Amino acid sequence: MKGGVEHLQRIPFNPCMYDSSRGVTGSMSYQEYGIGATAVGVRGKEFVVLAAEKRVSYGGFVVSRSGKKVYKITDYLGLALAGLFADMQAISKILRAEMEYHSIMTGRRMSVRAAARLLASILYANKYFPLLSETLIGGIEPDGTARLYVMDPLGSLIEDDFAAIGSGAPIAIGILENGYKKDIDVEAAKKLVVTAVKAAIERDAISGDGIDLLVIRKVDDKVVAEEESIRV
């Protein structure tokens, strides 16, 4: 299969660079197909805040105004995603199943770091036929350490204090960078991510129709996850 080897090239980093008629070497852009989103994340001392807008669109057509792009996987870990809607759903289901399986087989919870590395490995294993979504994974470790990771569709993994992904990321990241402080508290972090997503909604036609929030934090000696929806 000489031609097949040449055909299976590593695609450039773009969460929506796939054309089913031509395989992984085809091209696909947010602008051409309107597939995207805006999702952001911020971590502080013993908490993580994830947020994403709710519009689902293909091309110039708005399919839904209530799409779910923020997922509570466990009480201590969540995802925020941007990309193809079906692939976002698939990623959340895969990670949830893997974490439940680990818990059943070992009797222990999987750490946030281990979950992020596992998901990165799964995405990399599918690099020739990738799940077309950028992913934020955030959560709280047993010792209270907050973790936030960002990964591309091929599984590259970066830990950071704040991050933005999707078609609205170039707008949102500036808001996060300007407003983030190392000692930020949870309420300030919630306001910051909402401001960042709202700014992206104003300028990115693919983003809009409300914001979903997931706040994961340590309260006393336990970790709680709180979900919230905001109209814009």
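Once the Cα-Cα distance is subtracted from the 0.36 nm per residue extended length, the GLU100 to ASP143 segment shows a gain of 13.4 nm.
Write out the trypsin sites (Lys or Arg not before Pro) in region 123-222 meeting two conditions: DSSP loop, and at most 10 other Cβ atoms within 10 Å of their Cβ. Please report the intermediate quantities before stating the final value.
Values: sites: LYS127, ARG147, LYS181, LYS182, LYS190, LYS191, LYS198, ARG203, ARG217, LYS218, LYS222; in loops: LYS127, LYS181, LYS182.
The qualifying sites are LYS182.
For region 59-111, the list of trypsin sites (Lys or Arg not before Pro) that fall in a loop by DSSP and count at most 11 other C-beta atoms within 10 angstrom reads ARG108.
Compute the length gained on full extension between LYS127 and ILE230: take 0.36 nm times their separation in residues and subtract their Cα-Cα distance, giving the result in nm to one decimal.
So the extension gain works out to 33.6 nm.
Equivalent-ellipsoid semi-axes for region 47-91 (Cα gyration tensor, √(5λ), whole Å, largest first): 22, 11, 7.
With Cα atoms as the point set, the radius of gyration and Dmax of region 23-226 evaluate to 16.2, 51 Å. Using only Cα atoms, locate the centre of region 94-124 and the centre of region 59-90, then give the distance between them in Å, rounded to an integer. What the calculation gives is 19 Å, centre to centre. I'd like the FRET efficiency for GLN89 and ASP183, computed as 1/(1 + (r/R0)^6) with the beta carbon distance as r and R0 of 35 Å, rounded to 0.05. Once the sixth-power term is evaluated, E becomes 0.45.
Note on ASP220 and ASP75: their simple-model spin labels are 1.2 nm apart, each label 7 Å out from Cα toward Cβ.
Among the listed pairs LYS93/LYS191; LYS69/LYS181; LYS69/LYS93; LYS181/LYS222; LYS69/LYS127, which are separated by more than 19 Å between their Cα atoms?
Working: LYS93/LYS191 29 Å; LYS69/LYS181 26 Å; LYS69/LYS93 12 Å; LYS181/LYS222 25 Å; LYS69/LYS127 22 Å.
Over 19 Å Cα-Cα: LYS93/LYS191; LYS69/LYS181; LYS181/LYS222; LYS69/LYS127.
Residues ASP87, ASP183, ranked from the fewest to the most other C-beta atoms within 10 Å, line up as ASP183, ASP87.
Readers should treat all values here as calculations from the given coordinates under stated rules, not as data from a laboratory. Computed from a predicted model, the values in this text were never measured in an experiment. As a convention, Cβ positions derive from the backbone with ideal geometry for all residues, glycine included, and neighbour counts pool all protein chains shown.
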